[in-house]
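> Please read through the structure below; I'll follow up with questions.
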Amino acid sequence: MSVPNILVFAYACEPGKGSEPGAGWAISRVAARIGPTWVITRANNREAIEASIPAVPERDRLTFLYIDLPERLMRWKRGKRGIHLYYLLWQFAALRVARPLLRRQRFDFVWHVTLANIWLGSAAPLTKLPFVYGPVGGGVTTPWRLLPALGVAGAAFEVARTVVRAASRFLNPLCGLAMRRAALILVQNEETLQWIPASLRGKAVVAPNAIVDAHIPGRVNRSDRPPTALFAGQLLPLKGITLAIRAISRAPGWHLLICGEGNDEYRLRATSRRLGVEGRVRFLGKRPRNEVLRLMAEEADVLLFPSLHDEGFMVVAEALTVGLPVVCLDRGGPRGYGVGVRPGTVRATSRGLARAIMSAPRQEPSDRFSLDSATERFSALLRSHGLLETQPDHPADSP
């Protein structure tokens, strides 16, 4: 029986990063452990990939192909403006790269990895290969009773997002194409599973894309600092950081470290001043991944991650790998991976978060999100859906 050749579409793919870039890189490595893998990704990922590839055990099984749209479209896309349309156009550019490759090389299946958004769809099934879609998210909604915590702009954005998400299920042809053509749909969470039309749900499986491939420092128990919660992520209304600050105001003696940057920082600072906790809330700015992991290991007693609709949970997986307890909302990707607080009103939710951080149980370091565990998990799913014939070998175990 032959080892499969795999073609991967990974718009976001960058070593050393969290969120989707980190997931794109990690799942590309997982695919290479299963069989020789060709990855089509953005050209702006080239420098980071080529600097990192010599050090990974799967390097001889990984081939990267880089493509971006013309510079005038790159300028138009800067920031968040136009990113979705740019991404949709990029997929057809990736398809143009794939077609001559398909004439030269036999592939067993194509795997769409990122962007991990189910309602944006994928052009990868147009390769006519057996198609794996995901892990994708996009089905988690915002609890309406928590809209006041988002501010006016944040609440307006969430309402617009909900309308677009619902419309895309019926109006985006790439979304319908991807779901219909997929031999296997991998979803990040239960809400996205339920978002898929019932007629297609039978080929969908919950399989998050959180894979931790970084060096993990050992936990250090320190008694020379106050009890401390840590938030790490973009400072956006949907991340629920207002709820975290409100929770700290209800947790006597607790401090909060906030790692990240974003357009909600001014409002968050104003909230901490209004609640009288500015002396217990520190904004650390954007920090590199290894520094966030160090903070988890040495400076925090709990990860406080009250995101309203995160689809995946990379930062949660990193905390659990370090051995840091997690407090989150009982929804989306993080559900079931920490102490989940059921969303209610803003007051009730922040009160529940405060109780949870003060009573969070001890967390032992976990290896459930390692590359080895992910390879076994995804291999089993591919095999159960007829996309793999043999047990994968593991080049990571060889020099």
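> Please find, within the stretch 323-345, the residue that is surrounded by the fewest Cβ atoms within 10 Å (Cβ to Cβ) out of those that are under 18 Å from the mean Cα position of the chain (by Cα) and at pLDDT 90 or above.
At the first step, the residues of the stretch 323-345 found to be under 18 Å from the mean Cα position of the chain (by Cα) are 326-338.
After this cut, where a residue has to be at pLDDT 90 or above as well, the list is 326-330.
Details: Val326: 23, Val327: 26, Cys328: 28, Leu329: 25, Asp330: 14.
Per the stated criteria, the residue is Asp330.
> Given (1) buried (at least 20 other Cβ atoms within 10 Å of the Cβ); (2) more than 21 Å from Ala204 (Cβ to Cβ), identify the lone condition not met by Trp119.
Condition not satisfied by Trp119: (2).
> Continuing with the same structure: So which of Ala198, Ala178 is more than 30 Å from Ala55 (Cβ to Cβ) and buried (at least 17 other Cβ atoms within 10 Å of the Cβ)? Write out each step before concluding.
Working: Ala198 fails: buried (at least 17 other Cβ atoms within 10 Å of the Cβ).
Every option except Ala178 fails the conditions.
> Report whether or not Arg282 is surrounded by fewer than 24 Cβ atoms within 10 Å (Cβ to Cβ), modelled with pLDDT of 95 or more and touching a strand residue (DSSP E or B) at 6+ places or on another chain (Cβ under 6 Å). Please lay out each step first, then the result.
Working: surrounded by fewer than 24 Cβ atoms within 10 Å (Cβ to Cβ): yes; modelled with pLDDT of 95 or more: yes; touching a strand residue (DSSP E or B) at 6+ places or on another chain (Cβ under 6 Å): yes.
Criteria met by Arg282.
> Would the stretch 202-217 turn up any residue that is in a helix (DSSP H, G or I), out of contact with any Asp or Glu (no Cβ under 7 Å at 6 or more places or on another chain) and not assigned by TED's automatic domain parsing to the domain that holds Gly276? Break it down stepwise before answering.
Our first condition is that a residue be in a helix (DSSP H, G or I); within the stretch 202-217, this holds for 202-203.
With out of contact with any Asp or Glu (no Cβ under 7 Å at 6 or more places or on another chain) added as a condition, the list becomes 202-203.
Still in the list and also not assigned by TED's automatic domain parsing to the domain that holds Gly276: 202-203.
For the stretch 202-217, residues in a helix (DSSP H, G or I), out of contact with any Asp or Glu (no Cβ under 7 Å at 6 or more places or on another chain) and not assigned by TED's automatic domain parsing to the domain that holds Gly276: present.
> Considering every residue within the stretch 296-307, establish whether at least one is charged (D, E, K, R), in a loop (DSSP other than H, G, I, E, B) and touching a residue at least 12 places away in the same chain (Cβ under 8 Å). Spell out the reasoning first.
So the first thing to find is which residues in the stretch 296-307 are charged (D, E, K, R), and the list is 298-299, 301.
Then keep just the ones that are in a loop (DSSP other than H, G, I, E, B); that gives 299, 301.
Those still in the list that are touching a residue at least 12 places away in the same chain (Cβ under 8 Å) too: 299, 301.
Yes, that holds for at least one residue.
> Just checking, which of Ser28, Ser2 is among the polar types (S, T, N, Q) and modelled with pLDDT of 95 or more?
On the way: Ser2 fails: modelled with pLDDT of 95 or more.
So the residue among Ser28, Ser2 that is among the polar types (S, T, N, Q) and modelled with pLDDT of 95 or more is Ser28.
> Still on this structure, I have one more. Looking only at the stretch 154-163, count how many residues are more than 14 Å from Pro143 (Cβ to Cβ) and either touching a Ser or Thr at 6+ places or on another chain (Cβ under 6 Å) or exposed (fewer than 14 other Cβ atoms within 10 Å of the Cβ) (or both). First the steps, then the outcome.
Of the residues in the stretch 154-163, the ones more than 14 Å from Pro143 (Cβ to Cβ) are 156-157, 160, 163.
Next, from what is left, pick out any that are either touching a Ser or Thr at 6+ places or on another chain (Cβ under 6 Å) or exposed (fewer than 14 other Cβ atoms within 10 Å of the Cβ) (or both): 156, 160, 163.
Selection size over the stretch 154-163: 3.
> Give the residue, chosen from Leu257, Leu268, that is within 26 Å of the chain's Cα centre (by Cα) and in a strand (DSSP E or B).
Leu257
> Here's something else I'd like to know. Could we say that Ala166 is within 20 Å of Gly312 (Cα to Cα) and part of a helix (DSSP H, G or I) here?
Numbers: within 20 Å of Gly312 (Cα to Cα): yes; part of a helix (DSSP H, G or I): yes.
Yes.
> Further, regarding this structure: Evaluate the following for Thr349: is it part of a helix (DSSP H, G or I), surrounded by fewer than 24 Cβ atoms within 10 Å (Cβ to Cβ) and not basic (Lys, Arg)? Don't jump to the end; show me each part of the working.
Values: part of a helix (DSSP H, G or I): yes; surrounded by fewer than 24 Cβ atoms within 10 Å (Cβ to Cβ): no; not basic (Lys, Arg): yes.
Answer is no for this residue.
> Follow-up question, since we're still on this one. Could you tell me whether the stretch 70-82 includes any residue that is buried (at least 17 other Cβ atoms within 10 Å of the Cβ), within 27 Å of Leu171 (Cα to Cα) and either modelled with pLDDT under 95 or not assigned by TED's automatic domain parsing to the domain that holds Pro15 (or both)?
yes
Matching residues to (1) under 22 Å from Leu147 (Cβ atoms); (2) surrounded by fewer than 18 Cβ atoms within 10 Å (Cβ to Cβ); (3) touching a Lys or Arg at 6+ places or on another chain (Cβ under 8 Å):
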{"position": "Ile258", "(1), (2), (3)": "yes, no, yes"}
{"position": "Glu261", "(1), (2), (3)": "no, yes, yes"}
{"position": "Leu268", "(1), (2), (3)": "yes, no, no"}
{"position": "Asn290", "(1), (2), (3)": "no, yes, no"}
{"position": "Leu295", "(1), (2), (3)": "no, no, yes"}
{"position": "Asp301", "(1), (2), (3)": "no, no, no"}
{"position": "Ser307", "(1), (2), (3)": "yes, no, yes"}
{"position": "Glu311", "(1), (2), (3)": "yes, no, no"}
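> What tally of residues in the stretch 309-332 results from selecting those that are touching a strand residue (DSSP E or B) at 6+ places or on another chain (Cβ under 7 Å) and either among the hydrophobic types (A, V, I, L, M, F, W, C) or closer than 19 Å to Leu193 by Cβ (or both)?
Quick first cut of the stretch 309-332, residues touching a strand residue (DSSP E or B) at 6+ places or on another chain (Cβ under 7 Å) only: 311-312, 315-316, 319-320, 324-330.
Subset that is either among the hydrophobic types (A, V, I, L, M, F, W, C) or closer than 19 Å to Leu193 by Cβ (or both): 311-312, 315-316, 319-320, 324, 326-330.
Result for the stretch 309-332: 12.
> Under 6 Å between Cβ atoms, which residue pairs at least 6 apart in sequence (or on different chains) link something in the stretch 261-285 that is under 14 Å from Ala153 (Cβ atoms) with a partner that is among the small types (Gly, Ala, Ser) and modelled with pLDDT under 95?
Hits for this filter: Arg267/Gly151.
> Can you tell which of Leu184, Leu150, Leu174, Leu230 is assigned to a strand (DSSP E or B) and either modelled with pLDDT under 90 or under 27 Å from Ala31 (Cα atoms) (or both)? Outline the logic, then answer.
Numbers: Leu150 fails: assigned to a strand (DSSP E or B); Leu174 fails: assigned to a strand (DSSP E or B); Leu230 fails: either modelled with pLDDT under 90 or under 27 Å from Ala31 (Cα atoms) (or both).
Criteria check complete, one pass: Leu184.
> Could you say which residue among Leu238, Leu186 is surrounded by 14 or more Cβ atoms within 10 Å (Cβ to Cβ), within 26 Å of Arg289 (Cβ to Cβ), of a type outside the set (S, T, N, Q) and touching a Ser or Thr at 6+ places or on another chain (Cβ under 7 Å)?
Matching residue, one of Leu238, Leu186: Leu238.
> Let me ask another. Only one of Ile53, Ile49, Ile27 is farther than 28 Å from Gly333 by Cα, in a helix (DSSP H, G or I) and either over 14 Å from the mean Cα position of the chain (by Cα) or hydrophobic (A, V, I, L, M, F, W, C) (or both); which?
Values: Ile49 fails: farther than 28 Å from Gly333 by Cα; Ile27 fails: farther than 28 Å from Gly333 by Cα.
Criteria check complete, one pass: Ile53.
The values are calculated or read from the model by the stated rules, or taken from the named source; none is laboratory data. Keep in mind the model is a prediction, meaning the values are calculated, not measured. Glycine gets a Cβ as well: all are built from the backbone with ideal geometry, and neighbour counts include every protein chain shown.
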